[in-house]
Amino acid sequence: MLHTGILNPALRSLLARVRHTNTLVIADRGFPFWPGIETVDLALVDGIPTVQQVLQAVLREWQAGHAWMAEEFREANSEQAVSAVAQTLGGIHLTFEPHAELKLRVPRAIGLIRTGDTVQYANMVIESA
């Protein structure tokens, strides 16, 4: 029985199959369904878990080299929220781009992790190092 790290078997399986330069999407509760992309749905209720909480858990077990978020995230949220994401990412390079461009990255992702997050534009694409 698993008792440390990520306990969700579907999420562990997804992370184990991501290779160098493959990407994952960590999305909020309202992110559209993408046919053909494996989705691990972790949403429980509004706000639980958040994109940032899932990102923290994923980065404990998985090495990312780059991340992308919507430019609109910076516009719609406080500097404190933006700083918190950057702090969670540590030294991982974060690029902000228009939301429409971020969504163009989704079809190339290995999987999508849906959260219960309600923060505007909190979605992110992370690339394996």
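The values are calculated or read from the model by the stated rules, or taken from the named source; none is laboratory data. As the structure is a computational prediction, the values presented were derived from the model and not from experiment. Methodologically, a virtual Cβ is constructed for each residue, glycine included, from the backbone with ideal geometry; neighbour enumeration extends over all protein chains shown.
Checking every residue in the range 99-111 against the condition of being in a helix (DSSP H, G or I), touching a residue at least 12 places away in the same chain (Cβ under 8 Å) and more than 22 Å from residue 13 (Cα to Cα) gives at least one match. Just one of the listed residues (43, 70, 64) is in contact with a Phe, Trp or Tyr (Cβ under 9 Å, 6 or more places away or on another chain) and aliphatic (A, V, I, L, M), and it is 70.
Of the candidates 27, 76, 84, the single residue that is under 13 Å from the mean Cα position of the chain (by Cα) and not acidic (Asp, Glu) is 27. The single condition among (1) in contact (Cβ under 8 Å) with a residue 12 or more places away in the chain; (2) part of a helix (DSSP H, G or I); (3) more than 23 Å from residue 15 (Cα to Cα); (4) under 15 Å from the mean Cα position of the chain (by Cα) that residue 118 does not meet is (2).
Of the strands (runs of 3 or more DSSP E) lying entirely inside the range 1-96, the ones with 1 or more residues being surrounded by 14 or more Cβ atoms within 10 Å (Cβ to Cβ) and among the hydroxyl-bearing types (Ser, Thr, Tyr) are found at 23-27, 38-41.
Results for (1) more than 16 Å from residue 23 (Cβ to Cβ); (2) at pLDDT 95 or above; (3) not β-branched (Val, Ile, Thr), shown as yes or no for each residue.
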{"site": "35", "(1), (2), (3)": "yes, no, yes"}
{"site": "40", "(1), (2), (3)": "no, yes, no"}
{"site": "46", "(1), (2), (3)": "yes, yes, yes"}
{"site": "61", "(1), (2), (3)": "yes, no, yes"}
{"site": "67", "(1), (2), (3)": "no, yes, yes"}
{"site": "97", "(1), (2), (3)": "no, yes, yes"}
{"site": "102", "(1), (2), (3)": "no, yes, yes"}
